[in-house]
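Read the structure below first, then the notes.
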Amino acid sequence: MNETQRSVALTVDGRTVQVAEGATILDACRQLEIDTPTMCFADNLTPVNACRVCVVELEGSRTLVPACARAAAEGMQVRTDSERVRHSRRLVLELLASSVDLSCAGEALQRWQADYGAEPERFGPSAPAAAPGERERQHAGHHAMPDGSTAATVGQPAKVEDDLYVRDYKRCILCYKCVEACGEDAQNTFAIAVAGRGFDARIATEYEQPLPDSACVYCGNCIGVCPTGALMFKSEYDHRAAGTWDEERQSVTRTVCSYCGVGCNLELHVQDEEIVKVTSPEDHSVTHGHLCIKGRFGFQFVQNRPDKP
Amino acid sequence: MEDTDLIILWGSNARETHPIFFHHVLKGIHNGARTMVVDPRRTSSAQWADLWLGLDVGSDVALSNAVAREIIAAGLENRAFIEHATTGFDEYRRSVEPFTLARGEELTGVPAEAIRGLAHAYATADRAQLCWTLGITEHHNAVDNVLALINLALLTGHVGRYGSGINPLRGQNNVQGGGDMGALPNKLPGFQDVQNDALRGKFEAAWGVPVPSANGWHLSQMFEAMEHGDLTTLYVIGENPAQSEADGERARALLSGLDHLIVQYIFLPRTAAMADVVLPAAASWAESEGTVTSSERRVQRVRKALSPPGQARDDMAILGDLARLLGHDWGTPSAEQVWDEVRSLSPMHTGMSYARLEAMGGIQWPCPHDRHPGSPILHDRLWRVPLEGPAAPFHALQHRPPVDVLDDQFPLRLTTGRTLDSYNTGVQTGGFRSPIRTGDTVDICPEDGRRLGIDDGERVQVSSRRGALEVRARYVDVLRPGLVFMTLHFPDRVDTNRLTIDAWDQKSGTAEFKATAVRIDKIAAPAGAAH
């Protein structure tokens, strides 16, 4: 909070907190160190309120409100630990985990699953994965009624279309972050959008074109914001497939991109002397976490070696 | 950039060549800024613009003069700023007087109404940013082009204020830092003049050796000196001039004629393959420690993440060994120790300790002491009352068209540039397989293609007064008739610099990569080919 900004006071779980005008309930929760689950929120993107896992109870509001998007206001009374909040968050986590492969979604999600007592298995075993292209051909209103013996799933084969990154939509929770990063929040290329409706909804290129034929410019900013590993460097995908991906053995070194003069900061994720992934710090004023194709993927020249085919 | 009202990109395709800078431009656009792009090609940057000024290659001074004349004729110049902070306005005003809108249109190919539109928008904007890249500087009159844009900023007062400034967008991650560190023929680190006895004396005292007091040569002068036999040994660090110099055949002939060529490089591109001695070097951004300076004068740390392969070593260690063999023991200082020496000798860097660079995410020079926050705005002194330092001079400039003239034999204007996923001679970007790489082509507009009887995708011969090559033609919709485009990214397959001219600017030494006269011919079917 700087001295030119006004502040507002609100109460969260009985504790009063001052935040800058324009800050969200989530900012207030973070200031109070209240662990608030988020999936579709990122500091460098505009909130889209897609996942609903951050909902809180706001006095005077009929429904639960998303903490990530609701601006804090003077005198607000917020509860983050009521049974209603816990129940809602638990159900969101269960529905996501029953239908999506969240095994690459990070430690925080596992912690929230445990904290909220999520039991995704109560919806039954997963339905079989879709065949290639099957989900793209499905349309709302043209489904057989499920018999309830299995949990519906977005399971499907990964789309491996080039050497740079993989779209593994069995891991996609439709948080919209990739769409926002490709769109107005960062890259402004608009190569992808949400297509289809209801449970058929999915991230798609125009007319389901393969990525290399689409408008994609391979900045990889979608990978940078993906919370579940649905979008992944090909190098990470290959390592995981081979069972050699080991974050314990990885170091992260911050340096500056070797190409143009903008001065983008790169975080080089290195495992066994090999760059396996590149990210950029969200809190840096030059990149805000975003890169171009050269910064994201142009590192390979330092490790094309005769002894490493 | 986010908070400005007007963004002008002049000779810059930032959407492709500075993509993350363009993110900031896009934020400005979303916040309501108007955008104007001056570029012979209707680039992907121009496609975001409210107004595109598609000028003829090399007519930038004429366009600037016409813009200035219109601003003055409309009474929109910033009188108060001109009187407070500038000199030479009257002469400048007289020099632009002949450049009416009609004359401007005639010289530049830009419709008078578009020139007027840019002039009025720029002069009346509360805040305006004027940005340029190599479209301004890769000309035989590079410095004039830059001065022409500075004239406009001085005329309107769009300099040295928050949201108003002049921004040369640097093309390489440390081209600014190279200059900062004295990799210029006339400067010591911190842009301290080598001919100034007091400044040079400071370095001599610190280093304990005399420093030559005469200016050295810039790259273009070095090649001239090779031609005259005045330069017989060359030590190249991290450059690939055999492929990156204009008029490549001449450059390679001169390099081959050297008595001794030493190349320090991370790979063996063509220049290194020609060398007598190759010193394998570490990649500075990922295999060693140090700093680089970005386009916005921000000094940032680069760090070692990988061990260099094989016998490759840090540039600094190689230089240290070389110095020792030449009789000077520099010890084995760390990158930070070398940086601290820079800070002790270069006042603009003095406040930039490694600790502060870490803590602040980089610092913009000048930063003269260790409590200084750095300088996001460089020229704010021009607004101080009374004025701090010298007034900024206007420059009266003549329109001097490209050296390589178009005629019946070479009727097409070839201009060169970068594409989004590739970089310079491709040494680095050749290392990854980009799904969007279009490869080596000569881009032409469909009208020219049809007129010349050349199909989209057909292999053709492109010739200039210096050389010829074969390449695939590609129809694109961003070029006007008479203008063709090639990149320099694939020199092993298509050596574009066989075509380019080494006419260079006498002040900056930059060659005119942007303006070559060429012809395009169909390739005759090989004799005896069966049909």
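List residues of region A:120-138, by number, whose backbone nitrogen lies under 17 Å from a label position 7 Å along Cα→C-beta of A:Asp147.
Of the residues in region A:120-138, A:124-129 have backbone N under 17 Å from the label point off A:Asp147.
Take the alpha-carbon centre of region A:174-198, take the same for region B:226-278, and report the distance between them in whole Å.
Rounded to whole Å, the Cα centres lie 48 Å apart.
Hey, rough spin-label estimate for B:His30 and A:Ala73, points 7 angstrom out along Cα→Cβ, what's it come to in nanometres?
Placing both labels 7 Å beyond Cα along the Cβ direction yields 2.5 nm.
Please work out whether region B:291-335 counts as rounded, prolate or oblate from its C-alpha gyration tensor, where a ≥ b ≥ c are the square roots of the eigenvalues and a/c under 1.5 means rounded, while otherwise a/b larger than b/c means prolate and anything else oblate? Mind dumping the intermediate values first?
Details: a/c = 2.94, a/b = 1.53, b/c = 1.92.
It comes out oblate by the Cα gyration axes.
Could you work out how much longer the chain between A:Asp163 and A:Phe190 gets when fully extended? Use 0.36 nm per residue separation minus the Cα distance between them, nm to one decimal.
Numbers: separation 27, 0.36 × 27 = 9.72 nm, distance 2.15 nm.
So the chain would gain 7.6 nm between A:Asp163 and A:Phe190.
Span-like helices, chain B: DSSP H, alpha-carbon axial extent 20 Å or more, mean Kyte-Doolittle 0.5 or greater, which ones?
Values: long enough: B:142-156 (22 Å, 1.74).
Within chain B the helices that satisfy the rule are B:142-156.
With springs only between Cα atoms under 10 Å apart, run a GNM on chain A and tell me which of A:Arg197, A:Arg62, A:Arg171 wobbles the most.
Evaluated over chain A, the most mobile residue of the options is A:Arg62.
Treating only the Cβ atoms of Lys and Arg (+1) and Asp and Glu (-1) as charged, compute the dipole magnitude of region A:64-148 about its Cα centre; round to the nearest 20 debye. Could you put the intermediate results ahead of the total?
Details: 10 positive and 12 negative charges, 53 e Å.
The dipole of region A:64-148 has a size of about 260 debye.
Gaussian network model of chain A, Cα springs within a sub-10 Å range: biggest mean-square fluctuation belongs to which of A:Val55, A:Val19, A:Val154?
Most flexible of the set in this elastic network: A:Val19.
Using a ≥ b ≥ c from the Cα gyration tensor of region B:348-485 (square roots of the eigenvalues), is it rounded, prolate or oblate, where a/c under 1.5 gives rounded and otherwise the larger of a/b and b/c decides, a/b for prolate? It would help to have the intermediate numbers written out before the result.
Numbers: a/c = 3.71, a/b = 1.85, b/c = 2.00.
In terms of gyration-tensor shape, oblate.
Kindly identify residues of region A:260-293 having a loss of at least 40 Å² in accessible area between the isolated chain and the assembly of all protein chains, probe radius 1.4 Å.
Those residues are A:Cys260, A:Gly261, A:Val262, A:Glu273, A:Val286, A:Cys292, A:Ile293.
Quick one: compute the contact order of chain A, relative version, from alpha carbon pairs under 8 angstrom and 6+ residues apart, as a percent. Could the numbers behind the result be given before it?
Numbers: 557 pairs, mean separation 38.4, N = 309.
Across chain A, relative contact order equals 12 percent.
With a ≥ b ≥ c taken as the square roots of the eigenvalues of the C-alpha gyration tensor of region B:83-155, please select rounded if a/c is under 1.5 and otherwise prolate if a/b is larger than b/c or oblate if it is not? Don't jump to the answer; show the numbers that get you there.
Details: a/c = 1.21, a/b = 1.08, b/c = 1.12.
In terms of gyration-tensor shape, rounded.
Given Cβ point charges of +1 (Lys, Arg) and -1 (Asp, Glu) and nothing else, what value in debye, to the nearest 20, does the dipole of chain B about its Cα centre take?
Working: 51 positive and 66 negative charges, 167 e Å.
Here chain B has a charge dipole of around 800 debye.
So what's the net charge close to A:Arg70: Lys and Arg +1, Asp and Glu -1, counting the other residues with Cβ under 13 Å from its Cβ?
On the way: positive: A:Arg52; negative: A:Asp27, A:Glu57, A:Glu59.
Once all neighbours under 13 Å are counted, the net charge is -2.
Over all residues in B:424-436, what is the mean tally of Cβ atoms on other chains that come within 10 Å of each residue's Cβ? Can you show the working numbers first?
Working: counts 1, 0, 1, 1, 8, 7, 3, 8, 12, 5, 10, 15, 11.
Per residue, the average neighbour count from other chains is 6.
Positive end of the charge dipole of chain A (Lys, Arg +1 and Asp, Glu -1 on Cβ, about the Cα centre): tell me which of A:Val12, A:Ala144, A:Thr24 has its Cα farthest that way.
In chain A, that residue is A:Ala144.
Quickly rank B:171-179, B:309-317 as a protection proxy: mean count of other C-beta atoms within 10 Å, highest first. Please list the in-between numbers first.
Working: B:171-179: 19.8, B:309-317: 15.4.
Highest mean packing first, the order is B:171-179, B:309-317.
Could you tell me the distance between the Cα centroids of region B:7-59 and region A:210-266, to the nearest Å?
Between the Cα centres of region B:7-59 and region A:210-266 lies a distance of 28 Å.
Is there a simple number for the mean count of other chain Cβ atoms within 10 Å of the Cβ of residues in B:298-305, and what is it?
On the way: counts 6, 2, 8, 4, 8, 6, 3, 14.
For peptide B:298-305, the averaged partner shielding equals 6.
Within 10 Å of each Cβ in peptide A:178-191, how many partner chain Cβ atoms are there on average? Round it to a whole number, please.
2
Taking the Cα-to-Cβ direction at B:Asn196 and at B:Asp259 and moving 7 Å from each Cα, how far apart do the two end points lie in nm?
Taking the two extended label points, one gets 3.6 nm.
The values are calculated or read from the model by the stated rules, or taken from the named source; none is laboratory data. Model, not experiment: these values are computed from the prediction. Neighbour counts run over all protein chains shown; Cβ positions are idealised from the backbone, glycine included. Quick note on the areas: whole protein, heavy atoms, side chains included, nothing else; ligands and nucleic acids left out. Shrake-Rupley method; radii C 1.70, N 1.55, O 1.52, S 1.80 Å.
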